[in-house]
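Structure record follows, encoded as C-alpha cells.
The values are calculated or read from the model by the stated rules, or taken from the named source; none is laboratory data. Everything numeric here is computed off the predicted structure, so don't read it as measured data. Neighbour counts run over all protein chains shown; Cβ positions are idealised from the backbone, glycine included. Quick note on the areas: whole protein, heavy atoms, side chains included, nothing else; ligands and nucleic acids left out. Shrake-Rupley method; radii C 1.70, N 1.55, O 1.52, S 1.80 Å.
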Amino acid sequence: MKIFNILLIAPFVGLLWVPFYNHQTPMLLGFPFFYWYQFAWVPVTSVLIWLAWKKGAQS
Amino acid sequence: MNGIPAADTLALVVFILFFGVTIIAGSTVSHWKKWFSGGKKSSPSTPVEGHGGHGTEEWGLGGRQFGVWVTWFLVGGDFYTAYTVIAVPALVYAVGAYGFFALPYTIIVYPFIFVVMPKLWKIAHDGGHATAADMIRARFGSRALELAVAFSGLIAVMPYIALQLIGIRTVVQALGFSGEIPLIIAFVSLAAYTWMGGLHAPALTAFIKDIMIYIAVIAAVTLIPIKLGGYGHMFDVMNNVVAMPDADHVMKAGQLMPYATLALSSALAAFLYPHTLTGILAAKSADTVKQNAVYLPIYTIVLGLIALLGMMAHVAGIDTTVSSMVVPYLFLKLFPDWFAGFAFAAIAVGALVPAAVMAIGAANLLTNNILPKRYAGVTTSRIAALGVKLGALLCVLFLNAKFAIDLQLLGGVIILQTFPALIFGLTKFRFSSTGMLTGWIVGTVVGLGICWADGLKPVHTLAIGGWSELVSTGLIALVVNIIVTGVVSMIVPQRNLAVASR
C-alpha cells in the first residue's frame, strides 16, 4: 500500500507554513524556536521516509 | 583591514597537501579501484553489460552499479557544494534568519526524491537512458522537447560550475594569493580529475571531501561557541546586526512568503539539474535511491550548522563587505593556521567533486541529446566535459562574481521549466508534447522576462486584488508553464505515447 506515502506530506506542511514557527520562544539550549524547530524536522523527516520505505516494501 | 586576518605558509602547505592528494587519488582512480573493491567486480551478475554497456556508460554513469554508501556520498556530495559552504553563511551574515531558507529547502527535497526518483531510475534503467532528455525523447518521441530539456540543463549547469571555481578561488585568495594563476591551477586539476576517472573519480573521492568538511564544520560549531560565549550570545549579537521586527517574531511579515516559496522552488529545481540526476541514475537499484532518501537528510544538519557560521562571524568581530570571505576569515581568525589550511582544502575539494559531476552530467547531455549520434563515445564525452568546464572558466574570468551568482539564479528559473516534461510524464495525466513544449517556451520567456524587469532578483512582487506578496520568480514561471501545458494539451492531445504509463 502506498498509504504511508501520505506521511511524506507532513514536512511540506510543517516547513512551508512559516508563520507557525516565526517565533523566538520557546527557546531550547539557547536556540530560538525558529531555528530548533526547523532542525527538528530533519530527524522527523528521516523517520517518516523510513516508515514509508519499510511499510511500502512490506505490503 | 580591521579584524581581517591573514594566512601563513603553514596554512598553504597543509592546503596543498590535502588538495593535491585528493586530485591525484581521483585522477588515478582506474589504477587503484581494483584493489579497493576486492573481488566484488568479477561477480557474474555485474550490470555493466546491457544497454550500450561500453565505455560511455562506465565513464558517464559509473556503470550504474553504485550502492547505498557511494550513492549517498555522490548525491549528497554534489548537492552540498563548496559554494554552499561559502554562500549560505554569507547570506546569513548579511540578512540573518531569512538566509536560512536553505534549511527547509534541503528537507522537503527528500520526500520528493523518495517518491519521484525511483520511478525515473526504473525508466532510465529499462530504457538505457543517461539523461532527462533521453527519457523525454523515449516517452514523447519529440526531438524538439528533447532539445528544449537538454539545452535547459546545459545552460543551467554552466554558471553552477562557475560558482564552484569561484569557491576554489575564494579560499586561494584567503591564503594570500591574488591574480588568476590559482584559478588556472584549480581548473587544470579539475580537468585532469574528470578526464581520467570519469564518474568514478568524484564517487570515490566524495567521501574524502565529506570527511574533511565534517571535521572542519564540527570543529567550528563546537569550538567557536566555546571561544565566543555560547549560542544564546550568538543569537543576541545577530539580533543587533539584523534587528528583529518585534520581541517575539524572528522574521518580518513580508519575509514569510519569499522564505516559503524560495524553499519550495529550490527544492523542485534541485533534482532537475543534470548533475543530481546523474548521481541518481548511477545508483545500482531503485531501492538504493529510496534508501538514500532516508539517510540523505543528515547532510541538512551539517548545512544548518554551516549556516550558523555566518552568525558566528559577527560574534568574532569579522567586519567585511565581501560577504563571500566570511567563512575563510572566520577560520583564519579563530583557528591555528594549519587547521585553517585544512578547512580551506576541504572547501576546495568540496568544489572539485560536484564540479566534476556537473561537467559529466552536462557532457552526457551534449553527447546523448544535442550532438548527432555518430559522435557518441568516451572521447567525445571527455572533450564535451572539458568544453563545459572551459565555458565555466570563461564565465569566471570574464564576468564578475556578482554576475555569476545572477546567472545561477537565471539557471534555477530555466531548469524549473523542465519540471512538467520530466515529472508529469510519470503521472497518469495525459499531457501532450506540444503542450509541454509550449508551456516550456512560455514559462522560460515569462521567468526570464520577470528577472530582467526586476533587475535579477530571486523574488517578484505578486499583487492580486488587495493581496500583495513577494513570491519566488521561478515558481511564478512554473505555474504559468503548467497552466499553458494543461490548456494546450487539451487543445492538442498526444497521439500514440511511445512508452506506456507507469
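Would you mind putting B:214-221, B:448-455 in packing order, based on average other-beta-carbon counts within 10 Å, highest first?
Put in order of decreasing packing, that is B:214-221, B:448-455.
Mean residue ellipticity, 222 nm, helices only, the protein assembly as shown: the sum of -39500 (n - 2.57) across DSSP H runs of n ≥ 4, divided by residue count and rounded to 500, is -23000 deg cm²/dmol.
Cα centroid separation, segment B:419-468 to segment B:277-326: 27 Å. The per residue volume of the convex hull around the alpha-carbon atoms of segment A:3-58 is 66 Å³.
Please work out whether chain B counts as rounded, prolate or oblate from its C-alpha gyration tensor, where a ≥ b ≥ c are the square roots of the eigenvalues and a/c under 1.5 means rounded, while otherwise a/b larger than b/c means prolate and anything else oblate?
On the way: a/c = 1.84, a/b = 1.19, b/c = 1.54.
Oblate, because a/c is 1.5 or more while a/b does not exceed b/c.
Could you sort out which of B:333/B:389; B:209/B:389; B:290/B:389; B:209/B:457; B:209/B:252; B:122/B:428 sit more than 28 Å apart by Cα distance in this structure? Long pairs (Cα-Cα over 28 Å): B:333/B:389; B:290/B:389; B:209/B:457; B:209/B:252.
Give the Debye-formula value of log10 I(q)/I(0) at each listed q (0.14, 0.29 Å⁻¹), with one equal scatterer per alpha carbon of segment B:261-318, two decimals each. With one equal scatterer per Cα and no solvent, log10 I(q)/I(0) is -0.59, -1.16.
Using Cα-Cα distances under 8 Å and only pairs 6 or more residues apart, what relative contact order does segment B:116-156 have, in percent? Don't jump to the answer; show the numbers that get you there.
On the way: 22 pairs, mean separation 10.6, N = 41.
Computed over segment B:116-156, the figure is 26 percent.
Between B and A, buried accessible area from a 1.4 angstrom probe totals roughly 3000 Å², ignoring ligands, DNA and RNA.
Exposed loop GluC sites (Glu not before Pro) only (DSSP loop, at most 13 other Cβ atoms within 10 Å): please give the longest stretch of chain B free of them, not including the sites. All intermediate terms of the calculation are to be shown ahead of the outcome.
Values: sites that count: B:49, B:180.
Value returned for the longest uninterrupted segment is B:181-502.
Dividing the mean sequence gap of close Cα pairs (under 8 Å, 6+ apart) by how many residues segment B:159-280 holds gives a relative contact order of 9 percent. In angstrom, the C-alpha Rg and Dmax of the protein assembly as shown are 22.9, 68.
The heavy atoms of residue B:222 present about 70 square angstrom of accessible area, all protein chains included, probe 1.4 Å.
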